[in-house]
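The structure appears right after this line, and notes come after that.
The values are calculated or read from the model by the stated rules, or taken from the named source; none is laboratory data. In this text the structure is predicted, and so the values were computed from the model without any measurement. Every residue, glycine as well, gets a Cβ built from its backbone with ideal geometry; the counts of neighbours run over all protein chains shown. When the accessible area is computed, the model is the full protein with side chains, heavy atoms only, and any ligands, DNA or RNA have been set aside. Shrake-Rupley method; radii C 1.70, N 1.55, O 1.52, S 1.80 Å.
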Amino acid sequence: MLSWQDAIIVACCLAVVAAVIRYRWSRWPGVVTEAGLLFGLYGLWQFAGSFTVMSQAGAVSRGRWLWRAERILHLPSETSVQRLFLPHQVLIQAFNLYYDTLHFAVLGACLVWLYVRHRDAYPAIRNTVALFTGASLLIQLVPVAPPRLLPGTGLVDTAVRYGQSVYSWHGGFNADEFSAMPSVHVGWALIVAIGVITASRRRWRWLAAGYPVLTTLVVVVTANHFWLDGIVSALLVVLVLVVQRLVRTARRRGADRPLGAGDLSDHVRGQISVRS
């Protein structure tokens, strides 16, 4: 996993390259600029994970509250689901690798594909990624322990069991471990699926719908997230999409608004001054 320092360095380098292209050849360096924004967003996400606004001591109690809420809602037990997969070591190790590495790589590949092949659909998906990630970072300022850190649930930290834990790279406590709510992995996977299904016209595009489903299964089996973490992520993505649509509708109505008497006179005076 790329550290936030490395991501920011890459973003700064790309910004310099974009400035040089803009100055030297008077061209808008679209690809370089978008890549810089992507790495900058990733660096911000990694960096913000080290901050909280509430006591870390309460993270476990908030995690227990989510666990009890799921039982009240009769959601499937994460422990029961995990036990179905624990006997399959290779599969569990693949799930650990999936959780640690694929979320950003797949998102990046999707954005590149949209930019190259479906430029008209790219801005909306890019904005959705930025708004969803920013909203998630604000929510994650309130630390919530993931299921694997809750005692008494019977869940196993699969990444620690097989020496694949991304958090062990830092040695000791990492505040990002308590950023369980919402699941950025699930949210990004859902945005990727939406981007592929809405931009492509091929029949295989519907296979992308399985990506957020598989991601949700992975984050639960590895005990990194509750079901509710994924549900809240999906609702947050929907909210971001609705807000964007409302903004576009308001702008469209404003552009289509007929000129009033005052606006018309101002427009005529402007035309006369231009001609004179």
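Put a dot 7 Å past the Cα of residue 109, heading toward its Cβ, do the same for residue 253, and the two dots end up 4.2 nm apart.
Computed over the alpha carbons of the stretch 53-169, Rg followed by Dmax gives 17.8, 50 Å. Across 211, 23, the residue with the most accessible area heads the list, and the full order at a 1.4 Å probe is 23, 211.
On the protein heavy atoms, probe 1.4 angstrom, tell me the percent of accessible surface of the stretch 207-250 carried by carbon and sulfur.
Working: 1620 of 1930 Å².
Carbon and sulfur together cover 84 percent of it.
Using a probe of 1.4 Å, the accessible surface attributed to residue 177 totals some 30 Å² when neighbouring protein chains are kept in position. Cα centroid separation, the stretch 205-253 to the stretch 130-157: 16 Å. Accessible surface ranking for 64, 22, 1.4 angstrom probe, highest first: 22, 64.
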